[in-house]
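K.L.:
Starting off with a structure, shown below.
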Amino acid sequence: MSTVMEAAGLVFQPYVLLVILGSAAFGMFVGAIPGLTATMATALLVPVTFFMEPVPAIATIVTATAMAIFAGDIPGTMLRMPGTPASAAYVQDGYALTRQGRPESALGASLVFSSMGGIFGTLVLISASPALAEIALKFSSFEYFWLVVLGLSCAVFISPGSPARGLISLMVGLFAATIGLENPAGAPRYTFGSVELMGGIQFIPAMIGLFAVSEVIRAFIKRGGEVRPPATSGRGIFREQAHNLVTYPVQALRGSALGTAIGALPGAGADIAAWISYAISKKFSKTPEKFGTGHVEGLVESGASNNGAMSGAWIPALVFGIPGDSITAIVIGVLYVKGINPGPMVFITQPQMIYAVFIVFLLANLMMLPLGWVAIKGARQVLSIPQKVLMPLILMFCMVGSFAINNSVFGIGIMLVFGIIGFLMEENDIPIAPAILGLVLGPMLEQNFVTSMIKSEGSFIAFFERPIAAGLGLFTIAVWSIPLVMWLLRRRPGAASRPQDS
Amino acid sequence: MRVTDLTLGLLTLLGGIAIYISALDFQAIPGQSYGAGTMPRAISFVTVLLGLFIVVKAVIAGERMPGLRLEEWTRSGPALLRMLSVLVLIVVYIVVSPLLGFLPTAFGVMVAAMLILGVRWPLALIVSALAALAIQQSFGRLLLVPLPRTDFLTFLW
């Protein structure tokens, strides 16, 4: 109990609460602007968190992302332009409601059920994490090796596009992680005599480049663009939600639970959760024909799901130090910078920190209700800011943020290189998230792989000798072999003669 | 700027081979068979297999020659210039900011970026000046980031 009180003491300070309020407003702003994602909100905030204590730093990111995921529904509903990819699944229903003159109905459902999904995910996080951490304490390098490989494999298979393209992205990230002196032999790799490269690829400028600069380049090609959103009164947002809760309790609960579970899966994030929940909602609905025509049912389920995933993604991040999505990958980078190594030991050495994170999650999801109401009321103004004014400001913010990490323009150079790489990758439908996970998990993978190989004297059998390691290993092999077997079966001569099968 | 699957496969394959060759000289941990070269070699192994897989798949699908599919924007001169301008502006900031200081460089870069995107002169000047000042005050003064200073503007720090 004293740990919880200590954690509450860390959170309920005027400075931390102000930071939460500020980052909530920032998250709402970024999420509400089409094209700017929750990940980008995190990327832009990281340089600021660099100067904070760990608790306000984490609070900043948690609050901003929770708000951005909800705020992404605002332009989706009003303009049919999802603010974040997580809102894309149900944008058709939200926009149809706006055309029927009921934007408040759609936005109210998004707001209330987003908050509900987030709180559900947090409760799961609170109850499951300590128990999982107990188990994780018994893990050796073999289990961690498989866990990292499993996480990276899920990132490859779940990311949009083909698994082959996801794997290319992962290799880009893993290769970038090999640069520098930090390796088992302490030998310089790919440094070309540069002192700055000896420190390795700085994670934050690379991530700003991959996510934000590539987006700025795309906006420059399209030359910004202006939009005219409809007016919203903000009245009646909460009125219909009690009725929705009574009508769709199963959907709300199913969305929250599934979202949390998908979020907890390494590599899968809020966007995938929203798409799957929308599909499930339609499949089990009594009125599937109404989906896409302004029906609130799918909105309730997938709205709860994407915020549930946001919380769920923190389970593997906190317990194993393995990120559940690109946002938690960034957070893990921030925690390392703060000297906190996420993993089961944090639950023993710094339990107050973990409880502080839980409190921040609950606070962020509760604050979403009043702040979301304000955001919906002021949405017209935010959405009216032309991208051609906004993008140059974001570009400058990216450069200053990349500079601030090491107080060197070298960081801006890294940002530029990764901005070009990110742009070219997305032009070729190569997803970015696996590259980020590869960059973050590369050192952990290498360390556990080399340690295990030395311990086993080069024998791969040792990777399957311990029960949990064997289970994780077999599961990972199944993840890889099932799609390959299915592909080969599809290519059988009999299958090839049936064009509809291929 | 989209490469065909066959090109992507070949590039991946070449990348894998390049990583393998570059990793040959990396030292092992003294007394062990593993070390700095283990991970790059593992990456190169997967990358080569992946490249081969994509090439084979592309050939089965009927591709015979590597190629490049140009998107619509690459055929538009202004769009191409705007794309390149982002990269040039970043390079300009890297080179010029240590010489001129943060405020004039940031102001210049933002004005140029806004004009490229079609923002009118007065608005571009006002927004850029306010934004440069706001960033300098928040990062430079509040967060103590040593943004490069300008001699005649030191009173702002």
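K.L.:
If you scan segment B:147-157, which residues turn out to be open to solvent by 70 Å² or more (accessible area, probe 1.4 Å) and within 14 Å of chain A (Cβ to nearest Cβ)?
P.N.:
B:Arg149
K.L.:
Among the listed residues B:Arg41, B:Arg2, identify the single one that is among the charged types (D, E, K, R) and more than 7 Å from chain A (Cβ to nearest Cβ). Talk me through it step by step, then tell me what you get.
P.N.:
On the way: B:Arg2 fails: more than 7 Å from chain A (Cβ to nearest Cβ).
Testing whether each residue is among the charged types (D, E, K, R) and more than 7 Å from chain A (Cβ to nearest Cβ) leaves just B:Arg41.
K.L.:
Something else: I need a count of the residues in segment B:110-131 that are open to solvent by 80 Å² or more (accessible area, probe 1.4 Å) and β-branched (Val, Ile, Thr). Before you say what the answer is, go through the steps one by one.
P.N.:
The first filter runs over segment B:110-131 and keeps only residues open to solvent by 80 Å² or more (accessible area, probe 1.4 Å), leaving B:120-123, B:126, B:130.
Cutting the leftovers down to β-branched (Val, Ile, Thr) gives us B:126.
Number satisfying all stated conditions: 1.
K.L.:
Looking at A:Leu197, A:Leu181, which is the one that is in contact with a Pro (Cβ under 6 Å, 6 or more places away or on another chain), at pLDDT 85 or above and surrounded by fewer than 20 Cβ atoms within 10 Å (Cβ to Cβ)?
P.N.:
Details: A:Leu197 fails: in contact with a Pro (Cβ under 6 Å, 6 or more places away or on another chain).
One residue alone meets the criteria, A:Leu181.
K.L.:
List every residue pair whose Cβ atoms sit under 8 Å apart, with the two residues 6 or more apart in sequence or on different chains, where the first one lies in segment A:452-472 and is closer than 16 Å to B:Thr38 by Cβ and the second, anywhere, is among the basic types (Lys, Arg).
P.N.:
Here the result reads A:Ala462/A:Lys455, each pair linking segment A:452-472 to a residue that is among the basic types (Lys, Arg).
K.L.:
Would you confirm whether any residue within segment A:372-390 is within 25 Å of A:Ser110 (Cα to Cα), at pLDDT 85 or above and open to solvent by less than 10 Å² (accessible area, probe 1.4 Å)?
P.N.:
yes
K.L.:
So B:Gly101 ticks every box in (1) more than 9 Å from every other protein chain (Cβ to nearest Cβ); (2) in contact with a Pro (Cβ under 7 Å, 6 or more places away or on another chain); (3) open to solvent by 20 Å² or more (accessible area, probe 1.4 Å) but one. Which box is left unticked?
P.N.:
Checking B:Gly101 against (1) more than 9 Å from every other protein chain (Cβ to nearest Cβ); (2) in contact with a Pro (Cβ under 7 Å, 6 or more places away or on another chain); (3) open to solvent by 20 Å² or more (accessible area, probe 1.4 Å), the one that fails is (3).
K.L.:
Which one of these does A:Leu111 not meet: (1) open to solvent by 10 Å² or more (accessible area, probe 1.4 Å); (2) at pLDDT 85 or above?
P.N.:
(1)
K.L.:
Can you give me the number of residues within segment B:12-24 that are surrounded by fewer than 18 Cβ atoms within 10 Å (Cβ to Cβ) and either closer than 15 Å to A:Met453 by Cα or more than 9 Å from chain A (Cβ to nearest Cβ) (or both)? Can you show your working first?
P.N.:
Applying the first criterion (surrounded by fewer than 18 Cβ atoms within 10 Å (Cβ to Cβ)) to segment B:12-24 yields B:14, B:17-18, B:20-22, B:24.
Filter once more, so that each one left must be either closer than 15 Å to A:Met453 by Cα or more than 9 Å from chain A (Cβ to nearest Cβ) (or both): B:14, B:17-18, B:20-21, B:24.
Result for segment B:12-24: 6.
K.L.:
I'd like the full set of residues that are without any contact (Cβ under 8 Å) to a residue 40 or more places away in the chain and either under 18 Å from B:Leu11 (Cα atoms) or more than 9 Å from chain A (Cβ to nearest Cβ) (or both), limited to segment B:65-81.
P.N.:
Initial filter on segment B:65-81 (without any contact (Cβ under 8 Å) to a residue 40 or more places away in the chain): B:72-73, B:75-81.
Listed by number, the residues that qualify are B:Glu72, B:Arg75, B:Gly77, B:Leu81.
K.L.:
If you don't mind, another one. Inside segment A:426-443, can you point out the residues that are in contact (Cβ under 8 Å) with a residue 40 or more places away in the chain, within 11 Å of another protein chain (Cβ to nearest Cβ) and either touching a strand residue (DSSP E or B) at 6+ places or on another chain (Cβ under 9 Å) or of a type in the set (A, V, I, L, M, F, W, C) (or both)? Show your work before the answer.
P.N.:
Here is the first cut: in segment A:426-443, the residues in contact (Cβ under 8 Å) with a residue 40 or more places away in the chain are A:426, A:428-443.
Checking the rest, the ones that are also within 11 Å of another protein chain (Cβ to nearest Cβ) come to A:426, A:428-430, A:438, A:442-443.
Across segment A:426-443, the qualifying residues are A:Asn428, A:Asp429, A:Ile430.
K.L.:
Filter segment B:104-131 for residues that are more than 20 Å from A:Gly419 (Cβ to Cβ), among the β-branched types (Val, Ile, Thr) and assigned to a helix (DSSP H, G or I); which is farthest from the other protein chains (Cβ to nearest Cβ)?
P.N.:
B:Ile126
The values are calculated or read from the model by the stated rules, or taken from the named source; none is laboratory data. Note that the structure is a prediction, hence the values are computed from the model and not measured. Don't worry about glycine lacking a Cβ; one is built from the backbone with ideal geometry, like all the others, and counts go over all protein chains shown. Areas reflect the complete protein model, heavy atoms only, side chains present, ligands, DNA and RNA absent. Shrake-Rupley method; radii C 1.70, N 1.55, O 1.52, S 1.80 Å.
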